[in-house]
Structures are given as C-alpha cells and as structure tokens.
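The values are calculated or read from the model by the stated rules, or taken from the named source; none is laboratory data. As the structure is a prediction and not an experimental result, all values here were calculated from the model. Here the Cβ positions follow ideal geometry from the backbone for every residue, glycine too, while neighbour counts run over all protein chains shown. Remember, those area values only see protein heavy atoms, side chains included, never the ligands or the DNA or RNA. Shrake-Rupley method; radii C 1.70, N 1.55, O 1.52, S 1.80 Å.
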Amino acid sequence: MNSYHNPQPKEGINTSHAHPLVTFIKLFSVITVVLVVSAWLFGRSGAWLASLIPYQQEVSISELYEKPEAIDPDYQAIQDYLESIVSGLEANMDLPEGMHISIHYESEKVENAYATLGGHIFIYRGLLEILPNENSLAMLLAHEMAHVKLRHPIRAAGQNIAIQTGIKYLLGYSNSDLLGQAGLYTQLHFSRSMESAADKEGLEGVYKLYRTVSGATELFDTLHKISVKNGSDDTSPFFSTHPLDEKRIKDLKQVVDDESLSSDFEAKGLPEGFANWL
Amino acid sequence: MSGGSFQLIYVIGLLIVAYLIGSYREKRHYQSIIKREHALNSLPAVNLKTAPKGHFQHELVMGNVTISVDYFKRFLALLHAFFGGPITSYETLLDRSRREALLRMKEMAKEKHAALVLNVKYETVSIFKGSGKSIGSVEVLAYGTALIPSSQAVASNVATTTQ
C-alpha cells in the first residue's frame, strides 16, 4: 500500500484568487453602465419610431384598450364648461387635421391632470379647486393639449415599450405582450424638454384665445408656491410628473418677453357656481 | 420612502448580511476540511481500477453532501452570466462540496478499517434552482471500492455483529 498516496492538495488551485467583493464591484459597475447606455439608446430609438406612427393609428390603438367611463350626469355642467374651453383652444392651437381632443373630468381629490394616447386628457377635481381663474385653467388644458399636438404621449409610450422590451431581452427575459405592459390609458412620464415645449405651445394657444397672458403665467407660479410650501412631503401626482423648477418658470417668462405677449387684459374669472359643478 | 427605494435598501441589506455570514461559514468549513484532510491522508483514495496483490474484502463506500450557495454569491453569479467566463462565485461551492464528499467517503472507509479506496468517482447535481433558475444548492456524491485487508475485515465484522 506504500505506493498509494493522497498528498494534501495545494489551496487555491480550483478556486479563483479574486476577492468576491472586488469582482462584484467591477461587474456591477460595468453592467450598470451597459444597462444605462442601452436604456438610453432603446428609449431614443423607441420614441423616434413611435413618432412615425400616424395619429389616426394611435387613436385606433388606444381604442383597443379600456375606454374612459361615460359622463356622469351630475358632472355634465363641468364637462360642458371644460369642453367649451378645449374647443376654443383647438381653434387657436393649429392642431393637425383629424386631431381631436377628448377631455375627461374625474371627481377625485387628486391634484392632477395629464394627457395620454388617442388625444385623451384627464383632469381631476383636486387640481380644479386650486385654480384662481379661467385663464389658468385654459393654460393647464392648453399645456396638456400641446402634449397631444406634439405627439408626446405616443413618443413616451414608444420609449417605455422600447426600454422595457430591450432590457428584458438583454437580460434574457422576453414577453410578447408589449402593449399590455405599456398601460395605454395610464399616465405617461414626459421629459423636461417635452414639458417646456408644451408650456410654450400652450401659452401661445392661450394668448391667441384670450389676448393676454394674465392668469396663464400665474398658473405655474401658483403651482410652484404650493409645491414649495408642501416641501418634501408633497406627494401630489401632478408635481411628480410636472417638475416645476424655477428654470422652467423663467423659460416661460422668456417666451412672454421674446414674443412680446401682452398682459394688459385681466384674467377672466371662473363662472358663477363653478365650485358647485365639481 | 418610495417602494423602489425600499426594495433597493432591502436587496443591499440582504447582500451585505449574506456576504458576511456566507464568508464566515465558508472560512469555517475550509478550516474543518483542511484539518480532516490532514487526519485522513494516511488512507489513500485513488481512481485506479486494479487492486494490488493481497487478500482483501471489497466494499462500496460513499460520501454525500448537499451545500447551498449564499444570496450574495447567487447574485454575483447572475452578473457573471451576463458577460460569460468562469463563474468564480460558484468555484468555492463546488470545491468545498467535492472535498467534503471525499472526506465523508474516507471516514466511512476508515470505519471499516480499509487500507485503500479504489475507483473513486464523483456525481454532481444541482438539486435546487433559485429565482431565475440560478443554481441554489449542489449535491455531490463521492464513491469508490474500499479494500479491507482480510484480517481487518474479520475484526470489522465481529465489531458490527456485537453492536
């Protein structure tokens, strides 16, 4: 038996010498960079491709999914009022042919308003209650209509779908239910540049309708003050999707100066009984 | 705190705890393995199939072990899988499993007063797939033929019978 031996194996032959934490930091850093760059590329490509979809096709896609509820007769007055403002703005915002805006009132104590696919705009009671005049309301609606006019919802949806799908395929998962995940009637997140473009376009539309920027520029001042007052406790969905930094307000005021938009006329007040309509 | 931030903190916390506990347990296991290997080096286990000359009783001996990998190493393996190459986080898992299985086989052979274990083989299988089908635990079986000198075999049988 002396010819058989089992010498003690040398440590570290079958295992790597690299420290697991160092390996982790290296791999995690590289994968994070790869995913961020990929997400950016997927997002940009998706948004660009989606912007090529004709508007009528966008409407058809949105109709495949859950439609907004029918108008409650109790809120017919506020619905008619909102539609009258939207109609006035439509005539002054040079919307492309065939583009129609559908406004939907939601009687919930939520400070929110958003535009989504198919020309649908949702506005909530919580936000209407804090608006000081009709011009501010018109500016809010014009801002959301500008998103639709500039095709921001389909671009944002395209971006979301491309990022979700691209990253899933990159990580080895796949799911063919692309549109189901996108949530076509849910709130889409727009970039800061999209928000600024919608501000400018909306302000011009409001100015054409009322011949004054009074009330319109105040809207963002009012909302900004509320946001600052609430501080970090602010969980309003509107502020989370519409970042109201001072630069954005300054840019808007720059548009007023550059285009010499007048504020001679006072803002139009809200109609009598407005609070009872909500 | 938003749900996303909470999830991130939860995952980071789990990774830290898993790394600390996993590293400590691995270190302890290696210490035990090295100590027992030194003690059992006098009993050779080889993969030769031919028995040396002499009178021996032949018996099957085996050692089996199941070891789980910690959450940190599983996470690290996912990162490795993205880029390819050696999955270094699983190397110690398999190294420990094989050495532990061999040790258990030798301990069984030693109980039988074997002088040598021939034809040693390993079987390795993953018995639990974690989330994302990543390997969670491995089972390693080491087995071979113990050569027990005839005189020792008689002694061993007597001891077994009288127990």
Next item on the list: Of the numbered conditions (1) open to solvent by less than 100 Å² (accessible area, probe 1.4 Å); (2) outside any helix (DSSP H, G or I); (3) at pLDDT 95 or above, B:His29 fails exactly one; give the number of that condition.
Entry: (2)
Checklist line | Any chance B:Ile87 is more than 10 Å from chain A (Cβ to nearest Cβ) and of a type in the set (Val, Ile, Thr) | finding: no
Note to self: Give all pairs with beta carbons closer than 7 Å in which a residue from the range B:50-63 that is under 12 Å from B:Pro149 (Cβ atoms) meets a residue that is exposed (fewer than 13 other Cβ atoms within 10 Å of the Cβ); count only pairs at least 6 apart in sequence or on separate chains.
What the structure shows: B:His55/B:Ser150; B:Phe56/B:Ser150; B:Gln57/B:Ser150
Check: Among the candidates B:Tyr10, B:Tyr19, which residue alone is over 18 Å from B:Glu100 (Cβ atoms) and touching an Asp or Glu at 6+ places or on another chain (Cβ under 8 Å)?
Finding: B:Tyr19
Next item on the list: Just name the residue that is nearest to A:Gly158 (Cα to Cα) out of those in the range A:49-76 that are of a type in the set (Gly, Ala, Ser) and modelled with pLDDT under 90.
Entry: A:Ser62
Notebook entry, point to check: Quick check: anything in the range B:106-113 in contact with a helix residue (DSSP H, G or I) (Cβ under 9 Å, 6 or more places away or on another chain) and within 10 Å of chain A (Cβ to nearest Cβ)?
Noted result: yes
Checklist line | Top-ranked residue in the range A:12-31 [being closer than 14 Å to B:Thr92 by Cα and more than 7 Å from chain B (Cβ to nearest Cβ); ranked as nearest to the chain's Cα centre (by Cα)] | finding: A:His19
Check: Picking from B:Val61, B:Val69, B:Val117, which residue would you name as being under 14 Å from B:Leu141 (Cα atoms) and aliphatic (A, V, I, L, M)?
Finding: B:Val61
Notebook entry, point to check: Considering only strands (runs of 3 or more DSSP E) fully contained in the range A:97-193, which possess at least 3 residues that are at pLDDT 90 or above and either over 29 Å from A:Phe265 (Cβ atoms) or out of contact with any His (no Cβ under 6 Å at 6 or more places or on another chain) (or both)?
Noted result: A:102-106, A:120-124
Checklist line | Subset of the range A:190-209 [surrounded by fewer than 22 Cβ atoms within 10 Å (Cβ to Cβ) and within 15 Å of A:Glu90 (Cβ to Cβ)] | finding: A:Glu201, A:Glu204, A:Lys208, A:Leu209
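Yes/no matrix, rows are residues, columns are (1) among the charged types (D, E, K, R); (2) in a strand (DSSP E or B); (3) facing chain A (nearest Cβ under 9 Å); (4) open to solvent by 30 Å² or more (accessible area, probe 1.4 Å):
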| site | (1), (2), (3), (4) |
| --- | --- |
| B:Ser23 | no, no, yes, yes |
| B:His38 | no, no, yes, yes |
| B:Leu43 | no, no, yes, no |
| B:Leu48 | no, no, yes, yes |
| B:Arg74 | yes, no, no, yes |
Next item on the list: Answer with yes or no whether B:Leu79 is open to solvent by less than 20 Å² (accessible area, probe 1.4 Å) and at pLDDT 90 or above.
Entry: no
